[in-house]
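I have placed the structure first, in the form of structure tokens, so that the comments after it can refer back to it.
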Amino acid sequence: MEAWIKALFFPGFFFLLITFLMVFYLERKVLASVHLRIGPFYVGKWGILQTTADVFKLFQKEFVIQRRANKLLYSLIPFVAFVMVSILLTFIPFSKNLYVVSTSFDLLIFLAIITSMPPIFFYAGWASKSKYSFIGGLRVVNQMISGEIPLWLSALSAAIFYGTLNHVSMVERSSFWSFIFLIPAFFIFMTAALIVTDRPPFDIPEAEQEVVYGFMTEFGGFNYAILSVAKLIEVFALFSLATVLFLGGFKGPFLPGVVWFLLKVAALYLFAFILRASTPRIRMDQLLGFCWKVLTPLALLNLVFVILLKMFLF
Amino acid sequence: MNQMGYSFTIESRKEVSGEDLGLLKEKILQLNWGVQHPASGPMRLKVWIDGDVVVKVDPDIGYVLRLLEKLVEYRTWINAIVNVERACFMDDFGTMVGYSIAAEKIAGVEVPKKADYVRVILAEGGRIVSHLIGLGSFVGVMGVHTAMQWALIAREKFLDAFETLSGQRIATSSIVPGGVRYEPTGKFVEKMVEAVDFLEKEFIPRYEEAFIDNPTLKLRSVGVGVVTKEKAVELGMAGPPLRASGVESDIRKDYPYAAYGDFKFKVVTKSEGDCYARYLVLWEEIQESAKIIRQAIEGLPEGDYRVKFPVKLPPGEAYVNVEWARGAFGFHLVSDGGTGPYRLRMRAPSFCNLWAIPEIMKGVKLADVPVIFSSLYMCHGDIDR
């Protein structure tokens, strides 16, 4: 396949769209079954088209810019965010030959783009010129900066273990022992990923009961849809990265690589949904304390552990 | 602009910068936590914050004022219950019991024992229904909606029982001066037992496993919004928040009304006085109420469920206090010898708890505002009346 076909269809745009509608649907169904409800039911078979209908409703809406907002930034930011997180997915190998690009610095570029997300979300909050959005934007910056350091450290420990930054060769070098030795790094990475993408129980920037909807309060219609899809893609990209780094990516018996890859990502999603349904949100100061006093030292210790392994065992 | 004798001023459009929002000019920012806010309900808290710390809170109420006390004056003695029960839709039985006892005191009417027992069953059912929503919304303000959904499933069974009795699920109008309005049939008793069974056998174990002693929940609520025993008395707090501060105050035990003297139950108190203690008080009171309902159903006497209530009452007045779901609810009823109340004054517990907010919320974090607010267990209909 040529690269542009891949970018448009399979690991690219349309695949993304369908994946997000399905992830969104799955989230609602899983939450509903924890709540002992039924969840989406009427639109399509088993309510499978409900999320599609919801998203298309948002697309039909009027484009409203509130009077105070900085018009250029307000209308531009969601698209910038969308493009930036879409770049992440070009580096994910869904199977042995199924990726858009593969360079020798995959992991580095990926983490660099993740690190540049907080200013985008902060601008989204600042451009709306609303108190809640502003507080939400500040909270995003606070939270992401504290989460990114453990994220980098745990991802780099995997890179040190494999001795490469290229995603495909990482997956090829992974084995049962790599999985066992990287389990601590995996847990640190997952926690940091939840913090960076502000998923519950770390959804402090969007805490509905405190700051309405954080930096997304003033967004509506198409802008809102694009911005929230950008956030969903960020989650998907980080879970995919976790699969590549720690769970052996597309490796697996019998089934094709893509299926294994998506199954592993789905398992991580299921974990995130169950966590959302059962764990209350923590407070900003508690989160900062947790990040700087617990997670970052643990990530550093883990890095030392991996370096020692590399020195004496492999 | 002049039009039809009135003059209007049209506000000129101007670019509003961050300074106008108080973001840069002043260190302190005023947030309107309310009226149209996901967790506030129909009231507003003006919250002044310095960074993440709350400096001052000022409650602004009156958005659901319905003049219930005034409306009662245009009703007959029995009709007035429809206004009284609408003080708060979550537990409507407690208020009807209080009003009915006050009216009976003026009239000198003795209600049959069966009516007293049914009143207890309904009032405790109402308390459970109300506390379930209280539990659910307390966990709900921390972003987990599971507790609320589970609570609503248990609540549904009780609403089914109320529907069997009166034909209505929420505003039942089922307790009137002179007894209860509808005959408590075998079907109603059966449904009530079913609901209590579901609550004790399915809801309580499931909920206890997930949301009692939940470490993250404790992280958020232990030591937050502490009210000491002396402070609680000084602020005049009522109901579960008062008992969570260690004051053993329960009208059902202290001045038994209806048939409460016949049953064994304990008054739940906690000494910590923080949000988690207030949450646990609700949790344990549900179990006590379920026990009371079981005792009342076992000992349900035979006989009339209602006696004739006179159309005109002699002049006089009565003050009755009842232990409602949210605390002691007082009724001061005055009769001038007419066919309806001359004046009814309702003393609402949520209103008393509301004015503890400016005291408690000094110096807490912004994220604690909804937690403390929901732990005080207030009802907006009851604050405004």
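Assorted remarks:
- Screening the stretch B:26-65 for strands (runs of 3 or more DSSP E) wholly inside it with 3 or more residues that are free of Cβ contacts under 8 Å to residues at least 40 places away in the same chain, surrounded by 13 or more Cβ atoms within 10 Å (Cβ to Cβ) and not basic (Lys, Arg) returns the ranges B:28-34.
- In this entry, A:Ala124 passes the filter for residues that are closer than 24 Å to A:Glu208 by Cβ and either within 14 Å of another protein chain (Cβ to nearest Cβ) or buried (at least 16 other Cβ atoms within 10 Å of the Cβ) (or both).
- Of all residues in the stretch B:236-272, those being crowded, with 18+ Cβ neighbours inside 10 Å, over 24 Å from B:Val120 (Cα atoms) and within 19 Å of the chain's Cα centre (by Cα) number 2.
- A:Asp198, sole failed condition from (1) more than 14 Å from every other protein chain (Cβ to nearest Cβ); (2) part of a loop (DSSP other than H, G, I, E, B): (1)
- Cross-chain or 6+ apart pairs with Cβ under 9 Å, the stretch B:130-146 first and more than 7 Å from chain A (Cβ to nearest Cβ) and surrounded by fewer than 24 Cβ atoms within 10 Å (Cβ to Cβ), then part of a helix (DSSP H, G or I) and of a type in the set (Asp, Glu): none
- Only one entry in B:Val233, B:Val307, B:Val226 is over 22 Å from the mean Cα position of the chain (by Cα) and either among the polar types (S, T, N, Q) or more than 16 Å from B:Trp324 (Cα to Cα) (or both), namely B:Val307.
- B:Gly246 meets all of the listed conditions (1) modelled with pLDDT of 85 or more; (2) on the phi < 0 side of the Ramachandran plot; (3) not hydrophobic (A, V, I, L, M, F, W, C) but one, namely (2).
- Residues of the stretch B:186-215 satisfying the condition of being in contact (Cβ under 8 Å) with a residue 24 or more places away in the chain and of a type in the set (Lys, Arg): B:Lys191, B:Arg206
- Of all residues in the stretch A:133-154, exactly one satisfies the criterion of being of a type outside the set (A, V, I, L, M), surrounded by fewer than 22 Cβ atoms within 10 Å (Cβ to Cβ) and within 13 Å of chain B (Cβ to nearest Cβ), namely A:Asn142.
- Pick from the stretch B:66-98, criterion surrounded by 19 or more Cβ atoms within 10 Å (Cβ to Cβ) and assigned to a loop (DSSP other than H, G, I, E, B), ranking: farthest from the chain's Cα centre (by Cα): B:Trp77
- Any hit, the stretch A:88-102, residues being part of a helix (DSSP H, G or I) and either under 23 Å from A:Val196 (Cβ atoms) or away from chain B (no Cβ under 14 Å) (or both): yes
- For the residues A:Ser228, A:Ser157, the requirement of being part of a helix (DSSP H, G or I), away from every other protein chain (no Cβ under 14 Å) and crowded, with 22+ Cβ neighbours inside 10 Å singles out A:Ser157.
- Residue within the stretch A:235-244 that is surrounded by 19 or more Cβ atoms within 10 Å (Cβ to Cβ), more than 11 Å from the chain's Cα centre (by Cα) and free of Cβ contacts under 8 Å to residues at least 60 places away in the same chain present: yes
- Exactly one residue out of B:Ala151, B:Ala171 is within 25 Å of B:Arg220 (Cβ to Cβ) and either within 17 Å of the chain's Cα centre (by Cα) or crowded, with 23+ Cβ neighbours inside 10 Å (or both): that is B:Ala151.
- Boolean, B:Gly381 is of a type in the set (Gly, Ala, Ser) and away from chain A (no Cβ under 14 Å): yes
- One residue from A:Phe20, A:Phe10, A:Phe24, A:Phe63 being loosely packed, with under 14 Cβ neighbours inside 10 Å and away from chain B (no Cβ under 14 Å): A:Phe63
- Summed over the stretch A:35-60, the residues that are surrounded by fewer than 18 Cβ atoms within 10 Å (Cβ to Cβ) and not in a loop (DSSP other than H, G, I, E, B) give a count of 11.
- Close pairs (7 angstrom Cβ cut-off, 6 or more residues apart or separate chains): in the same structural domain as B:Gly363 (by TED's automatic domain parsing) in the stretch B:225-249, part of a helix (DSSP H, G or I) and basic (Lys, Arg) anywhere: B:Pro240/B:Arg278; B:Pro241/B:Arg278; B:Ala244/B:Arg278; B:Ser245/B:Lys229; B:Gly246/B:Lys229; B:Val247/B:Lys229; B:Ser249/B:Arg243
- Complete set of residues in the stretch A:87-137 that are within 17 Å of the chain's Cα centre (by Cα), at pLDDT 85 or above and among the polar types (S, T, N, Q): A:Thr115, A:Ser116
- At least 2 residues being under 26 Å from A:Val85 (Cα atoms), in contact with a helix residue (DSSP H, G or I) (Cβ under 9 Å, 6 or more places away or on another chain) and within 14 Å of another protein chain (Cβ to nearest Cβ) is the threshold, and among the helices (runs of 4 or more DSSP H) wholly inside the stretch A:234-314 those reaching it are A:257-278, A:284-289.
The values are calculated or read from the model by the stated rules, or taken from the named source; none is laboratory data. Just so we're clear, the structure is a prediction, and the values are computed from it rather than from any experiment. Positions of Cβ are generated from backbone atoms using ideal geometry, with glycine treated the same way; all protein chains shown enter the neighbour counts.
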